C-alpha cells in the first residue's frame, strides 16, 4: 500500500513526519504514548504534550486504540512508568478528561 511504499522510499525525520500524517491522529498518538513509556526512561515531554492537550473525545479514542493495539490500559502504563506528583497529574488528566462534561457558557 501507499504507506509501505513511502516507508521504503523515505528515511529519518521526513519519513516519521510523512508516516504520522498518513495515520489517523488517535493511532499516531497511541503509538507515540507507547514509545514514550517504553524502555529505560520516560519521554515526559511527549506524555504531557499529548495527554494535556487533547479533548475528552480525542482522549477517549486514544485510550481505546492504545488498549486495542498494546493490550494494556494507558492509565496502567502511565502509573507503572511514572512517579510522584507528575504521575498524579497525568492520572488525574486521564481520569478527568475521560468523563463526560456539561460545559457551561
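The values are calculated or read from the model by the stated rules, or taken from the named source; none is laboratory data. In this text, all values refer to a predicted model and were calculated from it rather than measured experimentally. Neighbour counts run over all protein chains shown; Cβ positions are idealised from the backbone, glycine included.
A single entry from 20, 40 fulfils the requirement of being out of contact with any strand residue (DSSP E or B) (no Cβ under 9 Å at 6 or more places or on another chain), loosely packed, with under 15 Cβ neighbours inside 10 Å, modelled with pLDDT under 95 and more than 28 Å from residue 6 (Cβ to Cβ): 40.
Residue-level check: of (1) at pLDDT 95 or above; (2) part of a helix (DSSP H, G or I); (3) more than 20 Å from residue 24 (Cβ to Cβ), residue 72 misses just (2).
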